[in-house]
Each structure stands twice: as structure tokens, then as C-alpha cells.
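Take a look at the structure set out below.
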Amino acid sequence: MTITKGCKQLVAEAEEVIRTYPIEEAVALAGSQDVVFVDIRDVRELEKTGKVAGAVHAPRGMLEFWFDPESPYYREIFGSEDKSYVLYCASGWRSALATKTLYEMGMSNVGHIGGGFTAWKEANGPLEEYKHKAAKAD
């Protein structure tokens with residue numbers, strides 16, 4: 001098997017077409033009612049490091065399904081055209097690819113944080129502990 005296009009090239013190509021929020025701009029959006037921060041990291045990362053204050057967790061593997069109103073897994077939090085969705089991961093690679101996927105799905109109100117959660121912490125952006133919601137019993 002020969003890889004003809006590596007992950008670095010995929011990220012670079014994504015960043016050519018998506019919106020990337022510089023960390024200063026992203027932190028300035030904290031607390032805005034018009035912005036939903038979306039943490040796409042694995043739940044173990046959130047448990048270990050916390051998350052952006054007020055961010056919604058949408059694991060990368062479910063993102064397309066949670067954003068698509070035709071999916072049985074659709075989440076209403078992701079259906080507002082009046083809000084901007086700002087994705088992030090640890091360093092900005094996964095979120096760049098995820099943002100490009102949402103662009104390809106037709107979304108224009110989505111971008112990601114350049115440098116990801118690492119840059120957010122370094123910029124002293126507001127954080128909170130991640131509290132996993134237990135599944136509801138029937």
C-alpha cells in the first residue's frame with residue numbers, strides 16, 4: 001500500500017478552503033450567544049484536560065451524523081443557521097478536516113480554531129471540567 005496523500009497534505013488542503021479562527025479571535029468569542037464551540041476530541045481527552053467553557057462535545061466519529069437533519073442521530077444543537085460553529089481538537093488538525101467535511105455538507109457557518117485546544121489553553125481562554133452525561137435509563 002502506498003499513501004499518495006498524507007495527513008499533512010490533507011490538513012493543508014482543508015485550511016485553504018475553510019475558516020480558521022486565530023486564537024485571539026476565538027477567545028474573544030467566548031461566551032457569545034451566537035457561537036457554539038464544538039469539541040471533537042475523544043472523550044478521554046476531555047476527561048483528562050477539560051474543555052472550552054460552554055463547549056458542546058461531538059466526537060469526530062459522529063460529527064456528520066449529529067449535524068445532518070436527515071440522520072437518525074441528528075442533534076438539534078447543530079441545526080441553527082443563526083449561530084456559528086467553531087470546532088476544535090487538540091492541535092487543529094482533526095478540526096480542520098472535520099470543518100472541511102461540514103463545508104462539503106453545505107455548511108457555511110462553521111470554522112475551527114487554529115492551534116486547537118493547546119492554543120486555547122496557552123491563551124488562557126476560559127476552561128471548564130468535562131462532566132460526562134450518563135445514558136438515560138428507559
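With a 1.4 Å probe and all protein chains in place, put 65, 78 in order of accessible area, largest first. Numbers along the way, then the final one.
Working: 65 100, 78 10 Å².
Of 65, 78, the descending order of accessible area is 65, 78.
Cα gyration tensor of the chain, axes a ≥ b ≥ c as square roots of the eigenvalues: rounded (a/c below 1.5), prolate (a/b > b/c) or oblate? It is rounded, given that a/c, with a ≥ b ≥ c, falls under 1.5. I need to check one value: relative contact order of region 22-138, counting alpha carbon pairs closer than 8 Å and at least 6 residues apart, in percent. Relative contact order of region 22-138: 33 percent. Taking the chain as a Gaussian network of alpha-carbon nodes connected by springs under 10 Å, the highest mean-square fluctuation of the residues 98, 30, 12 belongs to 12.
The heavy atoms of residue 77 present about 80 square angstrom of accessible area, all protein chains included, probe 1.4 Å. Estimated from helices alone, the mean residue ellipticity of the chain at 222 nm is -9500 deg cm²/dmol (sum of -39500 (n - 2.57) over DSSP H runs with n ≥ 4, per residue). Excluding ligands, DNA and RNA, the accessible surface per residue across region 1-90 is 60 Å² with a 1.4 Å probe.
The values are calculated or read from the model by the stated rules, or taken from the named source; none is laboratory data. Nothing here was measured: the structure is a model prediction, and the numbers come from that model. Side chains included, ligands, DNA and RNA excluded: accessible areas come from the protein's heavy atoms. Shrake-Rupley method; radii C 1.70, N 1.55, O 1.52, S 1.80 Å.
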